[in-house]
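Visitor: Please see the structure below; I have some questions.
The values are calculated or read from the model by the stated rules, or taken from the named source; none is laboratory data. Bear in mind the structure is a predicted one, so any value in this text is a computation, not a measurement. Cβ: placed from backbone, ideal geometry, glycine included. Neighbour counts: every protein chain shown. For accessibility, only protein heavy atoms count, side chains too; no ligands or nucleic acids. Shrake-Rupley method; radii C 1.70, N 1.55, O 1.52, S 1.80 Å.
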Amino acid sequence: MTGLRLKPATIIGLLAVAALPLVVRYFLPASEKYYLHLLIQILLWSFIYTGWSLMGRFGLTSLGHGAFTGIGAYATVMLWNFAGITPWIGIPVAVALATVVGVLVGYPCFRFRIAGHYFALLTLALTEFVRLCIVGLRDFTGGSLGTQPRRYGDGISLYALQFEPDRMLAYYIAFGLWVLGLYVWLRVDGSMDRYALDAASQDEDAAASVGINVTRERLKITALSSAMCALGGAIFAQYQMYIGPDTIAGLGLSLNIVFAAIAGGIWVLLGPTVGAVFTQVLAETLRVVIQGSATLKGMFGSSALALDQLIYGLLLVLFIIYMPNGILGTTMAWWRRRAAARAATGRAGN
Amino acid sequence: MDCQLDIFFLEAVVNGLLLAGLLALLALGLNLIFGVIDVVWICYAELVMVGMYGINYAYKGGMPFLVAALFGIVLVAIAGALLHFLVIRPVLETPPINQLLVTGGVLFLLQAAATMAFGIEFKNLGIRLGSLNIIDMSFSWSRILAFLFALAGMLALWLFLSRTFIGTAIRAISQDRQIMPLMGVDSRKLYLVTSAIGGGLAGLAAALMVLQYDIYPQIGLQFGPLIFMICVLGGLGNMIGGFVAAFIISQFIAVGSSCFHTEWGYAVAFLFFMVAIFIRPQGLFGSRT
Amino acid sequence: MLELKGIDAGYAGFQALFGVSMRVDAGEAVAVIGSNGAGKTTLLRVVSGLLAPTAGTMTMQGTDLIATPPHKVIETGIAHVPESRRLFPRLSVEDNLRMGAFIPAARAKFHQRLEYVYALFPRLKERRTQLAGTMSGGEQQMCAIARALMSEPKLVLLDEPSMGLAPVIVSQVFDLVRRIRNDGYTVLIVEQNVRQVLKVVDRAYLLEVGRMKASGRAEELAASDEIRKAYMGL
Ligand SMILES: Nc1ncnc2c1ncn2[C@@H]1O[C@H](COP(=O)(O)OP(=O)(O)OP(=O)(O)O)[C@@H](O)[C@H]1O
Ligand SMILES: [Mg+2]
């Protein structure tokens, strides 16, 4: 194993993100809770988006990750609420369950070389199946209204893995998860599997003919990716203290995951994080602006609430058409072109 | 649960058959578009929703139902052509993931636009056609008519595809895209025509559905995933496969719902789908290796 | 009828044709011969609009072909029988022929044209409902030529019609070519089977690595030592 060498810039970056809550506490003490909430959301979603991108960057476009986050969240909470099993056991069980589901769906697809639209629709069906199961088991899950993990004591407990009232603690848990996500990404990026998967995403037959076991490589990355999303979903449930079929599972969520990851850029380490920052800040801004604007309320009444979804959808369309490499990807390409142009003029000048 | 081979079971089977017509019609539209253009409209069910609202307002605005239905079909056909022209065409050469997502964005957009324009209340045309009673079974005429018209629509499409020059070109293009210009076919125009036809089929489905269901902005999520599942089960792009798959899936839904709860009907159908895909991931009638 | 002047063409980062000039007069049969990779297919692709040239001019009976969009080239009277036939394998023979008559002018005369090509190729009539992909190589070549004739073209481009066929069938295919030219079509044919094609055409051009190396009457070229050595294995 090569081991990851930490560059000074990386350490500074990590420290800066770690210090963010202190900045918030110092400069925005009045609305500390709100801003921390926003940051926590960004970090948690970054982790989930990073998990999706692990597959997505190799051409495995899954619309099934809403199923994995859903399984992670619901299995953990159900075990806690109805069997009293601590999330310390519940989460590994939920993650294992999601991984098994991911592998079961992935295996036939990869073995028969199913990709592209077909794979996306197949995984979409998985998402819908999980959502239907959640709604159908309404005696336990609360159906489409959702449910809450049973509160343990004052809501802060190591045993019950509950930490929602203490935003600082929640922040550092989310931060730890985010760093874990980046670490996994780097490990995958530096591994031999990555070359195998890259080769397979470009030309499956050629990859197979040089001895790459395409099915196994893809199953490995699928397992990893679904496990990460299940873990993210479970932690999300523990933080939000609420789970609903449309907030943590379902087609809408699957599309959101994919969009955010693409918007940030799935080819670069921090792309999904940028995607999370972008989508969360966008959603929050739209919500605040629209709810705070008397004009808009006057124009549209209660349906102004749908305006943010309208803008979101419109942006999604525009993004894909005009910026298919994502924010970070496009910026980096532009930067590289500029640097190259500068180098060229520099040489010409000499 | 009470699942017996009695008259209600038979009623469920027949109702499943009636539902299948509608689902087959929608699957056909999606398969047609996929077969020709090689894209999937994730927002297909939302186009149906647009059509339903269009028909609702046209009817309440005083048009006779048949005229309103025709209006709905034309409206969604235009919407389909616009969708292709504005959204699909710019991403035609990009990876499939972008094409999926871009129509996913349209899905959000249409839902939100419908919510803003029409509110979240359920809307209903208020047409009651009554039902056909045989022994102890009862079948609503709206379902029977929907079934018959869906079959008629599919038959019309089949005739169009097999008897006309444009229809032949639609069947040919997926077999060899590069040589289409040698035949004098402008692929861009053909895509546009296909999109309009796909939209028109969604419009027809909308006209048949307004008689049975309440209209609300999220209605697409009720049956959209179901259509995708049917298309995948039948083999994406395979029109006959989609037709057969619609009949299989709707039986699972109808019988499952009558034995358990409605969602369980759907869940059983999806479970069957998962198992079937595990065995034949290319779809029951797919021919991909 | 068809006239090319100084045509350059190629693929991303690779030039395949260099200043190619040639002409085909009405009623003529002209061949372009050359070895593998000489650019023969590329030349025909340029003529029928599948590939845009990067330089040069090209006209068909006075119409500027370079300004004509690819799907309109067929309306100027050019029908292209592509390399390795390229039928629609899962359409019936008759549907393939229908595709050949897609342009409005041909649609109106569809049944008349169908009768004409069925008379020319009775074999196709027998197999009209068979899927094109399931026919033998020779039958497929007939079908590909018939499909091109459906648009009532003036000029037929043939790209190696003898490719991949057994020797007996090859001579049948050349008989076919002779027949359609006797029916009044102008023919531009690309071939590697130099010996046989020179018996069918009036004139020929020799293309070598993207450049026109020689041209002349078919008998002259057939008699030339150089060509006999290089292309006819004598
Ligand atoms: N799509 C393509 N992309 C890049 N290069 C191409 C492409 N098609 C052909 N070429 C190149 O252009 C050159 C000419 O090819 P072309 O197919 O015209 O030859 P040809 O004379 O028809 O040969 P053959 O007798 O083998 O059919 C070749 O070197 C070939 O490699
Ligand atoms: Mg060639």
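Visitor: Cut-off under 18 Å on the C-alpha distance; same-chain residues fewer than 8 positions from B:Lys60 excluded. Which aspartates and glutamates are left, in chain and number order?
Guide: Excluding near neighbours in sequence, the set is B:Glu121, B:Asp214.
Visitor: Further question: At 7 Å along the Cα-to-beta-carbon direction for both A:Leu38 and B:Leu145, put a label point, then send me their distance in nm to one decimal.
Guide: 5.4
Visitor: Near C:Ile66, within a Cβ-to-Cβ distance under 13 Å, what is the net charge of the other residues, with Lys and Arg +1 and Asp and Glu -1?
Guide: Net local charge, C:Ile66 excluded: -1.
Visitor: About its Cα centre, what dipole magnitude does the protein assembly as shown give when the only charges are +1 on Lys and Arg Cβ and -1 on Asp and Glu Cβ, stated in debye to the nearest 20?
Guide: 1340
Visitor: In a shell of Cβ-Cβ distance under 13 Å around A:Ser254, excluding A:Ser254 itself, what net charge do Lys and Arg (+1) and Asp and Glu (-1) give?
Guide: -1
Visitor: Could you list, in their original order, any pairs among C:Lys5/C:Lys199; B:Lys189/C:Lys40; A:Lys33/A:Lys297; C:Lys40/C:Lys213 whose Cα atoms are separated by more than 24 Å?
Guide: From C:Lys5/C:Lys199; B:Lys189/C:Lys40; A:Lys33/A:Lys297; C:Lys40/C:Lys213, over 24 Å: C:Lys5/C:Lys199; B:Lys189/C:Lys40; A:Lys33/A:Lys297.
Visitor: Can you find, among B:Phe252, A:Leu137, C:Ala52, the residue farthest towards the positive end of the dipole of the protein assembly as shown? Put +1 on the C-beta of Lys and Arg, -1 on that of Asp and Glu.
Guide: C:Ala52
Visitor: While we're on this one: How much of A:Ile235 can a 1.4 Å solvent probe reach, expressed as accessible area in Å² and rounded to 10?
Guide: Surface open to solvent at A:Ile235 totals about 20 Å².
Visitor: Then there is this: Considering the dipole of the protein assembly as shown built from charges on the beta carbon (Lys and Arg +1, Asp and Glu -1) around the Cα centre, which of A:Ala249, A:Leu44, B:Ala27 is farthest to its positive end?
Guide: A:Leu44
Visitor: Based on Cβ point charges of +1 for Lys and Arg and -1 for Asp and Glu, what charge dipole magnitude is obtained for chain A about its Cα centre, in debye rounded to the nearest 20?
Guide: 780
Visitor: Between B:Ala196, B:Ala24, B:Ala113, where does the largest GNM mean-square fluctuation fall for chain B, given springs only between Cα atoms within less than 10 Å?
Guide: In this elastic network of chain B, the residue with the biggest mean-square fluctuation among B:Ala196, B:Ala24, B:Ala113 is B:Ala113.
Visitor: Of C:Arg127, C:Arg90, A:Arg57, which has the most accessible area and how do the rest follow, probe 1.4 Å?
Guide: Sorted descending by solvent-accessible area, the residues read C:Arg90, C:Arg127, A:Arg57.
Visitor: A follow-up question, please. With +1 assigned to the C-beta of every Lys and Arg and -1 to the C-beta of every Asp and Glu, and no other charges, what is the dipole magnitude of chain B about the Cα centre in debye, to the nearest 20?
Guide: My answer is approximately 740 debye.
Visitor: Another one. Loop-only check: which trypsin sites (Lys or Arg not before Pro) in the range B:162-270 are DSSP coil with at most 14 other Cβ within 10 angstrom?
Guide: B:Arg177
Visitor: Please report the net charge: other residues with Cβ closer than 15 Å to the Cβ of B:Gly72, K and R +1, D and E -1.
Guide: +1
Visitor: How big is the A-B contact in terms of buried accessible area, both chains counted, 1.4 Å probe, rounded to the nearest 100 Å²?
Guide: Counting both chains, the buried surface is close to 4300 Å².
Visitor: So, one more: For B:Met63 and B:Ala152, compute 0.36 nm times the residue count separating them, minus their Cα-Cα distance, and round to one decimal in nm.
Guide: Result: 29.7 nm gained on full extension.
Visitor: So what are the ³J(HN,Hα) numbers for the range A:232-247, from phi and the Karplus equation (6.51, -1.76, 1.60; θ = phi - 60°), rounded to whole Hz, Gly and Pro as x?
Guide: Coupling constants for the range A:232-247: x, x, 5, 5, 4, 4, 5, 7, 5, 6, 7, 9, x, x, 9, 8 Hz.
Visitor: Put +1 on the Cβ of each Lys and Arg and -1 on the Cβ of each Asp and Glu in the range A:8-349; which of A:Ala260, A:Ala340, A:Tyr322 then has its Cα farthest toward the positive end of the dipole?
Guide: A:Ala340
Visitor: Running a GNM on chain A with Cα contacts under 10 Å, which residue among A:Met192, A:Met168, A:Met323 ends up with the highest mean-square fluctuation?
Guide: Looking only at A:Met192, A:Met168, A:Met323, the largest GNM fluctuation is found for A:Met192.
Visitor: Given the options B:Tyr44, B:Tyr213, B:Tyr53, state which has the largest fluctuation in a GNM of chain B using a 10 Å cut-off (strictly under) for Cα springs.
Guide: Of B:Tyr44, B:Tyr213, B:Tyr53, the Gaussian network model singles out B:Tyr213 as fluctuating most.
Visitor: Rounded to the nearest 500 deg cm²/dmol, what is the calculated helix-only ellipticity per residue at 222 nm for chain A, with -39500 (n - 2.57) per DSSP H run of length n ≥ 4?
Guide: Helices in chain A give a 222 nm mean residue ellipticity of -25500 deg cm²/dmol.
Visitor: Moving on. Straight-line reach from C:Lys125: which lysines have Cα under 28 Å away, leaving out those fewer than 8 places along the same chain?
Guide: Result set, ordered by chain and number: C:Lys109, C:Lys154.
Visitor: May I ask you to derive the FRET efficiency for A:Val17 and B:Arg280 from their Cβ-Cβ distance with R0 = 51 Å, giving the value to the nearest 0.05?
Guide: Once rounded, the FRET efficiency stands at 0.60.
Visitor: Which FRET efficiency value, to the nearest 0.05, do you get for C:Gln192 and A:Arg342 by plugging their Cβ-Cβ distance into 1/(1 + (r/R0)^6) with R0 = 35 Å?
Guide: Once rounded, the FRET efficiency stands at 0.10.
Visitor: Among A:Trp52, B:Trp141, what's the order by accessible area (1.4 angstrom probe), most exposed first?
Guide: B:Trp141, A:Trp52
Visitor: Want the number for A:Phe82 to A:Leu296: 0.36 nm per residue separation, take away the alpha-carbon distance, what's left?
Guide: Computed gain between A:Phe82 and A:Leu296 is 72.6 nm.
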